[in-house]
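**Student:** So that we are looking at the same thing, I have put the structure below in C-alpha cells.
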Amino acid sequence: MNPVYLDNSASTPVDPQVVEAMLPYFTEIYGNASSIHTYGQRARAAAEEARGQIARLVGAGAKEVVFTSGGTESDNTALRGVAYQQRDRGNHIITSQIEHPAVLSTCKALELEGFEVTYLPVEPSGLLDLDRLRAAITPRTTLISIMHVNNEIGTIQPLAEICDLAHGQKILVHSDCVQSLGKIPIDLGSLPLDLASFSGHKLHGPKGIGALFVRKNVRLRPFMLGGSHERKRRAGTENVPGIVGFGKAAELAGRHLDEMATRVRGMRDRLETALLQISGTIRNGDEKQRVPNISNLSFEHTEGEGLLISLDLEGIAVSTGAACSSGSLEPSHVLVALGRDKRDVHGSLRFSFSRMNTENDLQRVLEVLPTIVQRMRSMSPSFSA
Amino acid sequence: MENSAYSPGLLEHYRAPRNVGVLPDADGTATRQNQVCGDVLQFFVRLSGETVDEVRFKAEGCIPTVALASYTTEWLRGKKKGEIERLDLAHFEDALGSLPPHKIHAAALVVETLRAALCDCGRNPH
C-alpha cells in the first residue's frame with residue numbers, strides 16, 4: 001500500500017533537485033556569507049542567486065527580499081516593524097479573524113503594548129467584505145494585514161482592492177502569502193503590496209527558511225537585532241543551505257504554476273466532487289475564489305480526529321479543524337469565523353495537494369473514506385440514516 | 001500502518017469498538033456532550049439486581065472517547081454498579097496506555113456519562 005500525502009498545506013516533501021542544490025553548502029561552501037574570504041564570498045554569491053530566484057517568482061526586485069527563518073518570523077517582523085516604525089503616525093492595525101496564528105498572536109501582543117487592533121469578520125465564503133474594511137479604517141490606522149490565501153480553506157482575498165483602499169489613505173498593506181506562493185501567480189510588479197511573507201517548506205523547499213518582501217522605500221524597525229545582515233533588516237548569519245534550497249524551490253515552483261492550475265486543480269476538483277456525493281457533506285470556503293490545491297469539507301455526524309486517524313491507519317495523511325486534534329481544545333478559528341455550526345467544524349477535513357500527488361492518491365481516498373464516514377455515522381447518537 | 005499519537009491499546013479499541021449500539025431494554029441511559037470539544041457520548045445500561053448485565057454505547061467523538069467507552073462496556077459487565085468508582089484516568093491509562101494531556105477530558109466524559117446512565121436506572125424501570 002503506497003502512502004498518500006494530502007497535507008501539503010502543512011508542509012511539502014522537499015524536491016530532490018532542491019536537496020541536491022543544498023548539499024554543497026553544508027560540506028564544501030560552508031563559509032559565513034558575511035566573510036570576505038573565498039569561502040564566504042561563494043556562500044554570498046549563492047545566497048544572492050537564490051534571492052534573485054525568489055524575487056523573479058513574485059515579480060519583485062532582489063533587494064526587496066529579506067531572508068528570515070520562516071513565515072512566522074516574516075509575519076512578526078512585518079507587523080512589529082511597521083507598528084513600531086509608524087507609532088508616531090498612529091497605533092491602529094486592521095487584520096481579519098481568519099489570519100494565521102503568527103499574525104493573530106503578534107496582534108494580541110501588540111495590543112498589550114498599547115496598539116489597537118481591529119479583527120474583521122469574514123463572509124460565510126471566507127472572503128473579506130471590503131465595505132467592512134473601509135468602515136474600519138481610522139485616521140490612526142497605519143497597517144492592514146490580510147492573508148493572501150487562507151491556509152485552511154484556500155480562499156483568495158482581494159488584495160488589489162485592499163491595496164487601493166489602503167494606499168488612498170497612506171496605510172501600508174502586509175499579506176501573509178505563505179499559502180499562495182507557488183500555488184497561484186503573484187506579481188508584485190502589478191499588485192502593490194508593501195510587505196509579503198513567504199515560507200520555503202510550503203513549496204517543496206526546506207523548513208527553517210522564509211522571506212519577507214519589503215517594498216523599496218518602505219521602512220520598518222528591525223525585529224531581530226544584531227549584526228548588519230540583510231541590509232540591516234534582519235540580523236543573524238544567513239542560513240545559506242536553506243536560502244539556496246528556497247531559491248531552487250522557487251525556481252521550480254515557477255515552472256510548475258501552470259500544472260497547479262490544471263492537473264492539480266483537476267485532481268482536487270475530482271476528489272471534492274466525488275466526496276460531496278456523500279450525503280451530509282458540505283464544502284467550507286468559497287468554491288471559485290480559492291487556490292487549486294485545497295479542499296476543506298465537513299462530514300456531518302463524524303469527528304475530525306477520528307476521520308484523520310482512521311485515514312492515517314490506511315496510510316493517508318490529511319488534517320482537520322476539529323477541536324483537540326492538535327494539542328488545542330479549540331475548534332478551527334477559521335471555520336468558526338465562517339459561521340459554521342460547531343458540529344460541522346467537528347467533522348471537518350482539509351485535503352491539500354501538491355504537484356507530487358497523482359490520480360492514484362485521490363482514488364485511494366475515495367476507496368476508503370466513504371466507508372470510514374459510514375462507520376462513524378453508524379456510531380453517532382444523533383445520526384439516523 | 002500504525003499511528004504513534006495513541007497507544008496500541010487505545011487504537012485497538014478505536015478500530016474495533018465493542019458493544020456499539022442501542023440497548024432496547026436498557027434500565028438506564030444518558031447522553032452527555034463535552035461543551036468545549038463537542039464530543040457526544042451515549043451509554044445504555046441494563047442491570048440484573050445490583051450487577052451490570054450489559055452496557056452499550058454510541059459516540060460522536062475523538063479516539064479516546066470512543067476507545068475508553070468501548071473498554072468500559074467490557075470492563076463493567078458483570079460488576080456491581082458501585083464499582084464505577086474505580087474508573088478514573090489512572091485506571092484507563094493502566095489498562096490502555098497514556099492519554100495525551102489535551103485528551104484527559106475524554107476520561108471525564110466517559111465516567112460522567114456512565115455515572116448518569118447508572119443513576120438513571122432507578123428512575124426508569126422498564
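None of the figures in this text is laboratory data; all of them are computed from the coordinates on show. All values derive from a computational prediction rather than experimental measurement. Note that each Cβ is placed from the backbone with ideal geometry, even for glycine, and that neighbours are counted across all protein chains shown.
**Student:** Helix-only estimate, please: 222 nm mean residue ellipticity of the protein assembly as shown, summing -39500 (n - 2.57) across DSSP H runs of length 4 or more and dividing by its residues, to the nearest 500.
**Tutor:** Details: 18 runs with 197 residues, N = 511.
Rounded to the nearest 500, it is -11500 deg cm²/dmol.
**Student:** So if I place +1 on the C-beta of Lys and Arg and -1 on the C-beta of Asp and Glu, and nothing else carries charge, what would the dipole magnitude of segment A:90-190 be about its Cα centre? I want it in debye, nearest 20. All intermediate terms of the calculation are to be shown ahead of the outcome.
**Tutor:** Working: 6 positive and 12 negative charges, 32 e Å.
Here the size comes out at about 160 debye.
**Student:** Pick out, from A:Leu297, A:Ala274, A:Gly242, the residue whose Cα sits farthest towards the positive end of the charge dipole of segment A:241-342, with +1 on the Cβ of Lys and Arg and -1 on the Cβ of Asp and Glu.
**Tutor:** A:Gly242
**Student:** Also, I was wondering about something else. Residue by residue through A:295-306, how many Cβ atoms from other chains fall within 10 Å of the Cβ on average?
**Tutor:** Details: counts 0, 0, 0, 0, 0, 1, 2, 1, 11, 2, 10, 9.
Per residue, the average neighbour count from other chains is 3.
**Student:** Still on this structure, please answer the following. How about A:Lys63: which lysines have a C-alpha closer than 21 Å to its C-alpha, ignoring those fewer than 8 places off in the same chain?
**Tutor:** By straight Cα distance, A:Lys63 reaches A:Lys216, A:Lys232, A:Lys248.
**Student:** Determine ³J(HN,Hα), in whole Hz, for all residues of segment A:24-34 in sequence, where each value follows from phi through the Karplus function 6.51 cos²θ - 1.76 cosθ + 1.60 and θ = phi - 60°; x replaces Gly and Pro.
**Tutor:** Result, ordered by residue: x, 7, 8, 10, 10, 10, 9, x, 6, 5, 8 Hz.
**Student:** Pairwise over distinct Cα atoms, reciprocal of the mean inverse distance: report the Kirkwood radius of segment A:47-190 in Å, one decimal place.
**Tutor:** On the way: mean 1/r = 0.0638 Å⁻¹.
Roughly 15.7 Å, rounded to one decimal.
**Student:** Using the Karplus curve 6.51 cos²θ - 1.76 cosθ + 1.60 with θ = phi - 60°, work out ³J(HN,Hα) for each residue of segment A:188-195 in order, rounded to whole Hz, and write x for Gly and Pro.
**Tutor:** Once θ is set to phi - 60°, the couplings for segment A:188-195 become 6, x, 9, 8, x, 4, 8, 9 Hz.
**Student:** So how compact is the protein assembly as shown: Cα radius of gyration and Dmax in angstrom?
**Tutor:** 26.1, 90
**Student:** Hey, what does the equivalent ellipsoid look like for segment A:219-378, semi-axes from the Cα gyration tensor as sqrt of 5 times each eigenvalue, largest first, whole Å?
**Tutor:** Numbers: eigenvalues 252, 91, 45 Å².
So the three semi-axes of segment A:219-378 are 35, 21, 15 Å.
**Student:** OK, next. Scaled to the compact-protein estimate 2.2 N^0.38 Å, what is the alpha-carbon radius of gyration of segment A:1-63, rounded to two decimal places?
**Tutor:** Details: Rg = 15.8 Å, N = 63, 2.2 N^0.38 = 10.6 Å.
Ratio of Cα Rg to 2.2 N^0.38 Å: 1.49.
**Student:** Now for a separate question. In segment B:1-79, if every C-alpha pair distance is counted and binned at 10 Å from zero, what percent goes to each bin?
**Tutor:** Per 10 Å bin, starting at zero, the Cα-Cα P(r) for segment B:1-79 comes out as 19, 46, 28, 6, 0 percent.
**Student:** Another one. Determine the percent antiparallel among the DSSP beta bridges restricted to chain A, to the nearest 5.
**Tutor:** Working: 20 of 39 bridges.
Of all bridge pairs located within chain A, approximately 50 percent are antiparallel.
**Student:** Could you work out the relative contact order of chain A, using alpha carbon pairs under 8 angstrom and six or more residues apart, expressed as a whole percent? Write out the running numbers ahead of the final one.
**Tutor:** Values: 788 pairs, mean separation 86.1, N = 385.
Taking the mean separation of contacting Cα pairs over the length of chain A, I get 22 percent.
**Student:** Next up: Name the long-range amide H neighbours of A:Ser145: under 5 Å, sequence gap of 5 or more, or other chain; modelled H, no Pro or chain starts.
**Tutor:** Excluding prolines and chain starts, which carry no amide H, the hits are A:Ile94, A:Thr95, A:His174.
**Student:** Can you list residues whose amide H is under 5 Å from A:Asp7's amide H, if they're 5+ apart or on another chain and H is modeled 1.01 Å from N?
**Tutor:** Amide H neighbours of A:Asp7: A:Ser352.
**Student:** In degrees between 0 and 90, to the nearest 10, how far off the longest principal axis of chain A does helix A:38-58 point, with axes built from Cα atoms?
**Tutor:** Its long axis makes an angle of about 50 degrees.
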